[in-house]
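Contents: one structure, followed by commentary.
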Amino acid sequence: MTHTNGFAAGGRPFRAVTAASEALLVLERFAIGSLMALLTGLILLNVVTRYSHVPLYWIDESAIFTTVWLTFLGASAMSRLRLDFSMTILTERLPPSAVKAMRVLATLCILGFGVALAVMCWLWMDPVGIASAGFDAREYGGATFNFLYTERTQTLNWPSWVVYLVMPLFALTLMVHSAANLLEDIGLASPPDRSGIGLSNAEEVA
């Protein structure tokens, strides 16, 4: 076991973070596969019903929401696997120590974005405020002019906040994943071995 700044790499607190990240990654992989299957089914159903001249008006909106959730969950998983897009025009010309520093900086930026998004979602969805209003959406909207909980989707007629839940969920998973990546970048945790589950490229995520 290696040591960095007096801490054992892979110590219990740090292992807890990486273990939580890996558990989330497993759930995300299952969710991504399920959403891809659902999206494929919706598209095929849309083709069949339109060809049969009995189109279902709610399929388009369902496919859009499925794509939105798939995008956010996929982005979260890709960030943990470090398979997201990156610009290397600068880092590939730097010495190894500078490359490591830039990698830590980039991971810190991702973590900061996750925290900022979580704060925004907290202020926007205001769980304390809606609870204080007795979960009465109309009363809460009239008092705060935040009509998030009174809005409904156009064709499915679902509460809009249910669809928007993917944003705070993404913020949470992104914070956990970026924290795990950061611990690995600074040497406080060891990268996990994923050779047994075949997660080495973007195509294997689903």
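Over all directions, how big on average is the projection of the convex hull of the alpha-carbon atoms in the chain, in square nanometres? Kindly include the intermediate steps, with their values, before the conclusion.
Numbers: hull surface 64.7 nm².
Averaged projected hull area, Cα only: 16.2 nm².
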Starting from 0 in steps of 10 Å, tell me what percent of the Cα-Cα pairs of segment 1-120 lands in each bin.
11, 26, 29, 18, 10, 5, 1
Could you tell me how many degrees, from 0 to 90 and to the nearest 10, lie between the Cα long axis of helix 166-185 and the main elongation axis, the longest principal axis, of the Cα atoms of the chain?
10
What angle, in degrees between 0 and 90 and rounded to the nearest 10, separates the Cα long axis of helix 96-125 from the longest principal axis of the Cα atoms of the chain?
30
Identify, among 157, 135, 102, the residue whose Cα sits farthest towards the positive end of the charge dipole of the chain, taking +1 on the Cβ of Lys and Arg and -1 on the Cβ of Asp and Glu, with the dipole about the Cα centre.
102
Over the alpha-carbon set of segment 103-171, work out the extent along each principal axis and list the three values in angstrom, largest first.
47, 29, 16
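How much mean residue ellipticity at 222 nm does the chain get from its helices, if each DSSP H run of length 4 or more adds -39500 (n - 2.57) and you divide by all residues, to the nearest 500 deg cm²/dmol? Please report the intermediate quantities before stating the final value.
On the way: 7 runs with 132 residues, N = 206.
So the calculated ellipticity at 222 nm is -22000 deg cm²/dmol.
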Could you tell me the relative contact order of segment 30-95? Use alpha-carbon pairs under 8 Å, at least six residues apart, and round to a whole percent.
34
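Size of the dipole of the chain about the Cα centre, Lys and Arg at +1 and Asp and Glu at -1 on the beta carbon, nothing else charged, in debye to 20? Don't jump to the answer; show the numbers that get you there.
Numbers: 12 positive and 15 negative charges, 79 e Å.
Taking the Cα centre of the chain as origin, the dipole is about 380 debye.
Figure the gain on full extension for residue 158 and residue 132 (residue separation times 0.36 nm, minus the Cα-Cα span) and round it to one decimal in nm. Intermediate values should be presented prior to the final figure.
On the way: separation 26, 0.36 × 26 = 9.36 nm, distance 2.30 nm.
Answer, rounded to one decimal: 7.1 nm.
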Helix 59-81 axis, angle to the chain major axis (alpha carbon atoms, nearest 10°)
10
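Ordering 140, 149, 51 by how much accessible area each has at a 1.4 Å probe, largest first, what is the list? The partial results should precede the final answer.
Working: 140 10, 149 50, 51 185 Å².
So the residues, ranked largest to smallest area, are 51, 149, 140.
The values are calculated or read from the model by the stated rules, or taken from the named source; none is laboratory data. Every value quoted in this text rests on a predicted model; they were computed, and no experiment measured them. Quick reminder, even Gly has a Cβ in these numbers, built from the backbone with ideal geometry, and neighbours come from all protein chains shown. Protein only, heavy atoms only, side chains kept; ligands, DNA and RNA dropped before computing areas. Shrake-Rupley method; radii C 1.70, N 1.55, O 1.52, S 1.80 Å.
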